[in-house]
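Structure record follows, encoded as structure tokens.
The values are calculated or read from the model by the stated rules, or taken from the named source; none is laboratory data. Please read these numbers as outputs of a predicted model, since none were measured by experiment. Note: ideal-geometry Cβ built from the backbone for every residue, glycine included; neighbour counts use all protein chains shown.
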């Protein structure tokens, strides 16, 4: 299922703008969010996959809820911000709302032929390491750190760690 531009979620609180990408657990869209003061902000909404068997869907919904729970723990400069999690009955899917990061993934930057200086690369590594350290403080491991899961924010050029779909709790003495 692909949602069209203008599709409304959560009784009009969110309006789909366009698709950002498709991942293992769902499709991510850029959307607008209506705020209480009448203003709007741009957000990213990950919507769970639909072409799954009932057993697969149950397991994926649990993973989706777990991702929301993990993200909710953090207010960190280099981890994507959690906004809310909800079930949308009009599409029979779970939705995870996060901040929209204006920028590109490291993968996109490299493919576009942009030159990344050694100093920039070192700064990105430090910022991602800082995000991972914050995760490790609460016994979480990301498990999918790669150039597609690191966004570089326009303007500040900060590295932001995204996609917590396969992150797990670290339990000592368990492999």
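Each residue in segment 131-158 was checked for being in contact (Cβ under 8 Å) with a residue 12 or more places away in the chain, more than 18 Å from the chain's Cα centre (by Cα) and part of a helix (DSSP H, G or I), and 1 pass.
Take the conditions (1) under 30 Å from residue 61 (Cβ atoms); (2) exposed (fewer than 14 other Cβ atoms within 10 Å of the Cβ); residue 164 misses just one of them, which is (2). For segment 92-119, the set of residues classified as buried (at least 20 other Cβ atoms within 10 Å of the Cβ) and assigned to a helix (DSSP H, G or I) consists of 106 only.
Taking the condition under 18 Å from residue 85 (Cβ atoms) and surrounded by 13 or more Cβ atoms within 10 Å (Cβ to Cβ), does residue 19 pass?
No.
Quick check: anything in segment 65-73 assigned by TED's automatic domain parsing to the domain that holds residue 48, without any contact (Cβ under 8 Å) to a residue 40 or more places away in the chain, more than 17 Å from residue 26 (Cα to Cα) and out of contact with any helix residue (DSSP H, G or I) (no Cβ under 8 Å at 6 or more places or on another chain)? Checked against the condition, which is being assigned by TED's automatic domain parsing to the domain that holds residue 48, without any contact (Cβ under 8 Å) to a residue 40 or more places away in the chain, more than 17 Å from residue 26 (Cα to Cα) and out of contact with any helix residue (DSSP H, G or I) (no Cβ under 8 Å at 6 or more places or on another chain), segment 65-73 yields at least one hit. Residues in segment 129-139 that are closer than 15 Å to residue 149 by Cβ and at pLDDT 95 or above: 129 only. For residue 86, the criteria (1) on the phi < 0 side of the Ramachandran plot; (2) under 18 Å from the mean Cα position of the chain (by Cα); (3) not assigned by TED's automatic domain parsing to the domain that holds residue 61 hold in every case but one, which is (3).
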